[in-house]
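The structure appears below as C-alpha cells.
The values are calculated or read from the model by the stated rules, or taken from the named source; none is laboratory data. Keep in mind the model is a prediction, meaning the values are calculated, not measured. Positions of Cβ are backbone-derived with ideal geometry, glycine not excepted, and every protein chain shown enters the neighbour counts. Surface areas here come from the heavy atoms of the whole protein model, side chains and all, with no ligands, DNA or RNA. Shrake-Rupley method; radii C 1.70, N 1.55, O 1.52, S 1.80 Å.
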Amino acid sequence: MAGRGRTRNDASMIPDEKAIETIRKRKGTILRLGRYLLGYWPLLTLALVMNLAGNALALVGPLLSGYAIDAIEPGMGRVNFSLMFRYAALMALFYVISAAFSYGLTALMITVSRKVVYQMRREVFDRMLSLPVGYFDTHQTGDIISRIFYDIDTVNESLSNDLIQILGTVITVAGSLYMMVVISPRLVLIFLFTVPLSGFITRFITSRTRPLFRKRSAGLGRLNGFAEEMVTGQKTIKAYCQEEDTISEFRQKNREAVESYYQAEYYGSMVGPMVNFVNNLSLSLVSVFGAVLFMMGKMSIGQISSFVLYSRRFSGPINEAANIVSDLQSAVAAAERVFALMDQAPEEADRPGALAPSHIRGQVEISHVDFGYVPEKPILSDLSLTAAPGSLTAIVGPTGAGKTTVINLLMRFYDAQSGEIRVDGREIHNFTRKGLRQSYAMVLQDTWLFYGTVFENLAYGRENISREQVIQAAKAARIHNFIMALPQGYDTVLLEDGANISKGQKQLLTIARAMLSEARMLILDEATSNVDTRTEIRIQEAMRGLMKDKTCFVIAHRLSTIRNADQIVVVDHGEVVEQGTHDELIEKQGFYYQMYQAQFQ
C-alpha cells in the first residue's frame, strides 16, 4: 500500500508536459528575438552606454535634493542659499543631460527595432515564397497576412518601447537600491516584504494571462482571414443575397476576437494597479519608519527626502515593468505566430545532381501514379497516360475526378506517393523544380493580375521583351482591340487583380501572357471558362498555331471545344476510364459519350 501511495505522489509531482513545452517554446521565442537584436550589437552597446549614463545622472538628483534641503540649519531657521542654489543648479544640469541621453536612447532603439522588423518581415516573406503550394491550400490568406503585418508590428512596438523601459528599469532599480542602502539600511528592510509581494502578484497574473494573448492573436488572424474572404467574394454574396448571414457571421467572429482581446487586456492590466498598490504601501511604511528614525536622531530631513525619492524611483520602474508585462506577452505571442510561419518546412530540396531541363521536346509520360492530398484518402489510383511532343491532350471528367490534381503533379506542386512522371524519358525528380516549371506555361481558371500597366502584366516573368512581341501575343489572344480601346492602351494601369476590367478580359490577358512564354509545354486549367464558346474556339485556333510543336494539356468542361484534341483522357475517381480521339470515344458510346450528350440535354 505504501509503495502504491508513493507511486501516486510521484506521479502527481510529474510536471505537466504541455506546460513544459509552452515554457520551452516561450524561451525559444525570446532567444530568437534576442538573436535578431544581437545582429546590431554596436547600436545596442551604444544604447546600453546611453541608458547607463542617463539613468546614473538621473539617480544623482534625489541625493542633491537631500543636500539642498539639509542646507537649512536645523533649529536656527537659517539657509545657506549659496550651497542650496549650487546643489539645485547641479541637479537641474544632471536632469537636462539625462533627458538628452533619454531622447538619444529612444531614437536609437527605434532605429534598431526598425532594422529588426525589416529583417523579420523580409525573412517571413522570403520563407512564404519558398513554401509548398499545399501550405496555402490549408491556411487562410488573411491569417498569413495578419502574421506578416499585424504580428510583426506588435513585435516592433514592443522592441521600440518596452525594451527601453526594461533597460531603464534594471539600471534605475539597481542604482536606487544602492543609494537607499547607503542612506539607511534599516528602511531598506521594508522592501524585503513589498518587493517579493509585487513579484508574486505579477507572476500569478501573467501565468494566467499568457494563454489569453495567444488566443487574441489567433482570433485576430481568423477575423482577418474571414474579412479577406468576404471582400474578395462580394459579388457572390450579393448574388445570393447573403449579406445578412455574412454580417451575422462577421459579428460572431468579431465578437470572439474582441472578447479575446478584452480578456487579454483586462486581466493583463490588473498587474499595474495591484503592484502600484503595493508600492504605495511601501511608501507609507517608509514615511512612518523614516519619521521614527528622524525623531531618534538617526536620519536628517534631507536624508528622509532623498530616501523617499529613491524609493519612488525604485518602485516606479517596478510598477512600469508590471504594466508592460502584458505588452511583452502580446509581443511574444505575436512572435510565436511569426516564427511558426518561418519554421514551416520549405519545398523539398532538389535531388543532388538535378539539372534544369534543356532542349525539351515535350514527351510526357505518367506511369502508375498514386496520389492523395491526405495519404489515407487517395485521389489518383494507378493513373497512366502519355502525351507525345507537340500534341494536345484534353483531360476531362466529372467534378472531383482528379483533373486538376494531374496538373499539380505535372508542375510538382505536389509529389506522387508512388509511380513516376517523365519528361522526355527523364523522371521529373531529376530536374530542378525551377527548371521544370519554366518548361511549362500555365493559365488557370482563377486569373491573377497585379497593380501595374497592361504591358507589365503581359510581360510578367519575361526580361527584355519587346512591345511588338507583346502586341503580337495580344492579337493572337483576341485582346489587342480591347487594350487599344483603354485610355492609355498598353500603358493603362490595372487595379489590383484587374478589378477595373471584366473577368473574361482578365482571362484573355493571362492567356496572352502564357503565349509569350518560350516554354515547350502549355497547361490550360479551365482557362477559357470565362469567355463565350465562340471566342474560346477562336482562341484555341490561334493558340494551336502559336503552340505548334509544343505539348498542350487542357482541362475543359465544355467538351465541344476539345473535339480537335489529339487525345482525350477521361478520368473518373482518379483512374483513366477511357482514352482516344473525340470520334473514337463517341463511337464507343461509353463514359465520354454520356458526358458529351449530357451537355446538350
Of the residues Q594, Q579, only one is open to solvent by 50 Å² or more (accessible area, probe 1.4 Å), in a helix (DSSP H, G or I) and modelled with pLDDT of 75 or more; which?
Q594
Mind counting the residues in the range 451-497 that are in contact (Cβ under 8 Å) with a residue 24 or more places away in the chain, assigned to a helix (DSSP H, G or I) and not aliphatic (A, V, I, L, M)?
9
Hits in the range 415-467 (condition: among the aromatic types (F, W, Y) and within 26 Å of the chain's Cα centre (by Cα))
W448, F450, Y451, Y460
Can you tell me which residue within the range 289-310, out of those that are in a helix (DSSP H, G or I), farther than 14 Å from F191 by Cα and out of contact with any Pro (no Cβ under 9 Å at 6 or more places or on another chain), is least open to solvent (accessible area, probe 1.4 Å)?
G302
Only residues that are in contact with a Leu (Cβ under 8 Å, 6 or more places away or on another chain) and assigned to a strand (DSSP E or B): list them for the range 403-438, please.
G419, I421, V423, F431
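I'm trying to understand the selection: among the residues of the range 178-189, which are buried (at least 17 other Cβ atoms within 10 Å of the Cβ) and either more than 12 Å from Y310 (Cα to Cα) or in contact (Cβ under 8 Å) with a residue 40 or more places away in the chain (or both)?
Looking only at the range 178-189, we keep the residues that are buried (at least 17 other Cβ atoms within 10 Å of the Cβ), and these are 179-180, 183-184, 187-188.
Across the range 178-189, the qualifying residues are M179, M180, I183, S184, L187.
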Taking the range 407-422, which residues are crowded, with 18+ Cβ neighbours inside 10 Å and in contact with an Asp or Glu (Cβ under 8 Å, 6 or more places away or on another chain)?
I407, L409, A416, I421
Inside the range 384-402, can you point out the residues that are in contact with a helix residue (DSSP H, G or I) (Cβ under 7 Å, 6 or more places away or on another chain) and assigned to a strand (DSSP E or B)?
A394, I395, V396
Could you check A218 against (1) under 26 Å from I247 (Cα atoms); (2) aliphatic (A, V, I, L, M); (3) open to solvent by 60 Å² or more (accessible area, probe 1.4 Å); (4) at pLDDT below 80 and say which number it fails?
(3)
Sole residue being of a type outside the set (A, V, I, L, M, F, W, C) and free of Cβ contacts under 8 Å to residues at least 24 places away in the same chain, chosen from D424, D415, D446:
D446
Please enumerate the residues belonging to the range 341-374 that are within 28 Å of the chain's Cα centre (by Cα) and surrounded by fewer than 12 Cβ atoms within 10 Å (Cβ to Cβ).
D343, A345, E348, A349, V374
Among what's in the range 113-159 and is small (G, A, S) and buried (at least 17 other Cβ atoms within 10 Å of the Cβ), pick the residue that is nearest to the chain's Cα centre (by Cα).
S146
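Going through the range 38-56 one residue at a time, which ones are of a type in the set (A, V, I, L, M, F, W, C), surrounded by fewer than 19 Cβ atoms within 10 Å (Cβ to Cβ) and touching a residue at least 40 places away in the same chain (Cβ under 8 Å)?
Step one: filter the range 38-56 for residues of a type in the set (A, V, I, L, M, F, W, C), giving 38, 41, 43-44, 46-50, 52-53, 56.
Next, from what is left, pick out any that are surrounded by fewer than 19 Cβ atoms within 10 Å (Cβ to Cβ): 38, 41, 43-44, 46, 48-49, 52-53, 56.
Selection gives L43, L44, L46, L48, L52, A53, A56.
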